[in-house]
Amino acid sequence: MKVVLPDATELELPDGATGLDAARAIGPKLAEQAVLLRSNGTVQDLRLPLEDGQQIQIVTTRDTADPDALSVLRHSAAHLLAEAVRRLYPGVKIAIGPPIEHGFYYDFEFPEPIREEELERIQAEIDRELAEGREWSREEVSAEEAKRVFAEQGERYKVELVDTAEGPITFYTQGDFTDLCRGPHLQNSKPIKALKLTGLAGAYWRGDERNTQLTRIYGTAFYSQDDLDRYLTQLDEARKRDHRRLGVQLDLFHFDEHSPGSPFWHPKGMAIWNELEALRRRENLARGYVEVKTPLIYDQALWVTSGHWEKFREHMFLIPLEDEQVYGIKPMNCPGHMLLFGSGLRSYRDLPLRYAEAAPLHRNELAGALHGLTRVRHVTQDDAHIFCTQEQIPAELDGCIDYLRFLYARFGLEPRAEFSTRPDDKLGSDAEWDYAEGEIQAALERQSIVYVVGAGEGSFYGPKIDLHVTDALGRSWQLGTIQLDRQMPARFGLTYMGPDNTEHPVFVIHRALYGSFERFIGILVEHYGGAFPFWLAPVQVRVLPVGEDHRGPAADVADRLRVAGFRVDVDERDETVGKRIRDAELEKIPKVVVYGDRESADSLAVRDRGGEQSTTSLVDFVAELATLRP
């Protein structure tokens, strides 16, 4: 048989040859460095047989930044972790251990809870395994044989996984440890040059809080120590920027167990919120959106009509009432906007009609999935729904993309996109989805937006653009979404009267660019490290009177700045000026005015965040600050 290499040359191999055989045929050095085979957009274990005419690319240890190369390295590292834990903790039950974006994890049920301090002991055992060296072997077995093996070991999670597995059942073995796994894996442990366990967390089996809570051990691995060191430095910086820590330190928000997943916004946090809201309202007005307000609670019939009762009910908070009807607190605005559009006759002259609403939404996220502001139950989206004709779709999609570019640029963020296509549980015909996907893809290409395809990741009612950005630490975040929908307006019977005096179907573009205020603010806290630009800072100016005699004039300066529209406070504490300046730096306040004997309205001592000092008049200071507004 023959396989096709990346340069389009053909390589002749004996029938039944594997990816590793192909690497050996090309050269012994390549065979030694090979870690993975990529074929037609998918990855394949080197141990698997090839097919005649198959296009292949052999990924090696030289491809240290390749996501697939890192994934196979980290998957193998997870198995080393499981081997070490089983040896150190007799009676432990093992669950799953996949690679993830920045490393890997493995879930365990320990006989007794373990503490963070015990990671050092587990790390030492993994280091011993690496020093000894490990090789991975692959074996296909029947489901009955796999269940028998794991039942004898008392590994009930593995037995359950066998019952739900699709495709061939495979074992991977290294040392004296055998695991149920689809692979792929390294040939041996030599490429793992740097491995570090990074933390503990709780995780419910299969993500269901009704199941047993397991202990999740996180780690990461790289092809070089330098790469690990860079990652750990970034991780340390990420910890310093963690919005959950900075949110408390900067007095922005807090959470309370009486309402899990629902932030309590403090005055300083609301200052940021209100600036984002003002930007949203200003831009919506300039771009032809109209603000609306719709109810928070609807009966079951509405959710059945929209399709959410079937597709989203488990994530809704439901309210049974005395009349035996069930109501749901809305997890999104779209059904309400459908009712709003359908409340009157619509003409083609009314379109496009752009509804905007930033309303509180509630989603019943699992307790284990909640994470600060980035995964909450109380969500406030910067929602909009554009009702338009079929002919208006391209221009409206272009308008949404222009809006998102403008908005993200305000924060120094460059958008990327994931083009999410039809899911298995889609509503509507393939022909309708072909059309909608074609419009989305054409808009992305017309606007030169970099995108990848997320096959099957679309909403049940339409394809979408999921918007991603990279923050100051190089981390990727998903923010907003733009979706094209024919299904929901059709389910609500929405139409418009055309120039031919007949009814025509209306299309809807769902659009949220912040995504949610909560998540967006959480990301901004970490992106800026709490040092917000002047226009967004909760306190923009702090005035420090040097002594008691200076408090009156300092308060007058603060009042003048407030009248000019700036957020100002006065620190009159009986602390030294130096300490109060340091505290202002810790609170990341952009401007500090120190007022003492030598200061007046004509001569203010101004200190910028970071330490730069200048002298200016109050009039000039106000004029300078005005230039820092959006």
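Summing +1 for each Lys or Arg and -1 for each Asp or Glu among the other residues whose beta-carbon sits under 15 angstrom from that of His243 gives +4. Other residues whose C-beta falls under 9 angstrom from the C-beta of Gly97 contribute a net charge of -2, scoring Lys and Arg +1 and Asp and Glu -1. Near Asp434: Cβ cut-off under 14 Å, other residues only, Lys/Arg at +1 and Asp/Glu at -1. The net charge is -1.
Determine which residues of region 247-268 fall in the zone a paramagnetic label at Ala367 would reach in this model, i.e. backbone nitrogen under 12 Å from the point 7 Å along Cα→Cβ. Hits in region 247-268 for Ala367 at 12 Å: 257-261. Using θ = phi - 60° in the Karplus curve 6.51 cos²θ - 1.76 cosθ + 1.60, the 3J(HN,Hα) couplings for region 195-202 round to 9, 9, 7, 10, x, 10, 7, x Hz; x is entered for Gly and Pro. In this structure, the pairs whose alpha-carbon distance is over 31 Å, taken from Lys93/Lys196; Lys158/Lys311; Lys330/Lys464; Lys2/Lys193, are Lys2/Lys193. Binning all Cα-Cα separations of region 220-348 at 10 Å, short to long from zero, yields these whole-percent fractions: 9, 20, 25, 25, 14, 5, 1.
Mean separation of Cα pairs under 8 Å and 6 or more residues apart, divided by the residue count, gives the chain a relative contact order of 9 percent.
Taking amide hydrogens as placed 1.01 Å from N in the peptide plane, the amide H of Ser459 sits under 5 Å from those of Lys464, each at least 5 positions away in sequence or on another chain.
For the chain, the longest principal axis of the Cα atoms and the long axis of helix 430-446 meet at an angle of about 60 degrees.
Per residue, the chain reaches -10500 deg cm²/dmol at 222 nm when only DSSP H runs of four or more residues are counted, each adding -39500 (n - 2.57).
For region 67-241, the relative contact order comes to 26 percent (Cα pairs under 8 Å, sequence separation of at least 6).
Listed values for region 411-424 are Karplus-derived 3J(HN,Hα) couplings in whole Hz (6.51 cos²θ - 1.76 cosθ + 1.60, θ = phi - 60°), namely 10, x, 10, 9, x, 10, 9, 10, 8, 9, 9, 4, x, 5, and x replaces Gly and Pro. Each label point was placed 7 Å from the Cα along the Cα-to-Cβ direction; for Phe317 and Lys29 their separation is 6.3 nm.
Ranked by the mean number of other Cβ atoms within 10 Å per residue, highest first, peptides 24-31, 91-98, 335-342 order as 335-342, 91-98, 24-31.
Going by average Cβ neighbours within 10 Å, how do the peptides 306-312, 571-577, 197-203 rank, with the highest at the top?
Ranked by mean Cβ neighbours within 10 Å, highest first: 306-312, 197-203, 571-577.
Counting 0.36 nm for each residue step from Gln325 to His504 and taking away their Cα separation leaves a gain of 61.0 nm. Within region 95-116, name every residue whose backbone N is under 19 Å away from a label modeled 7 Å from Cα of Glu160 along the Cβ vector. Taking a point 7 Å out along Cα→Cβ of Glu160, the residues of region 95-116 whose backbone N falls under 19 Å are 95-98, 105-113. Note on Arg551/Lys240: beta-carbon distance plugged into 1/(1 + (r/R0)^6) with R0 of 45 Å gives a FRET efficiency of 0.85. Annotation: the antiparallel percentage among DSSP beta bridges lying fully within the chain is about 85.
The label-point distance for Gln300 and Glu391, in a model that sets each label 7 Å from Cα toward Cβ, rounds to 4.4 nm.
Quote the Stokes-Einstein diffusion coefficient, in whole µm² s⁻¹, for region 2-60, based on the Kirkwood radius over alpha carbon pairs, a temperature of 20 °C and a viscosity of 1.002 mPa s.
195 µm²/s
Please report how far the C-alpha centroid of region 545-562 lies from that of region 220-269, rounded to the nearest whole angstrom. Using only Cα atoms, the two centres lie 36 Å from each other. Taking 0.36 nm per residue of sequence separation and removing the Cα-Cα distance, the Glu414/Asp574 pair yields an extension gain of 53.1 nm.
Above 46 Å, the calculated P(r) of the chain contains 32 percent of its Cα-Cα pairs.
Taking the square roots of 5 times each eigenvalue of the Cα gyration tensor of region 67-241, largest first, gives ellipsoid semi-axes of 26, 19, 15 Å. Ranking Ser142, Ala271, Gln44 by Cα position along the charge dipole of the chain, where only Lys, Arg, Asp and Glu carry charges on their C-beta atoms, puts Ala271 farthest toward the positive end. For region 160-297, the Cα gyration tensor yields ellipsoid semi-axes of 43, 24, 19 Å (square root of five times each eigenvalue, largest first, whole Å).
Since every read-out is calculated from the coordinates, none of them should be taken as a lab result. All of these numbers come straight from a predicted model, not from anything done at the bench. Counting neighbours? That spans all protein chains shown, and the Cβs are built from the backbone with ideal geometry, glycine included.
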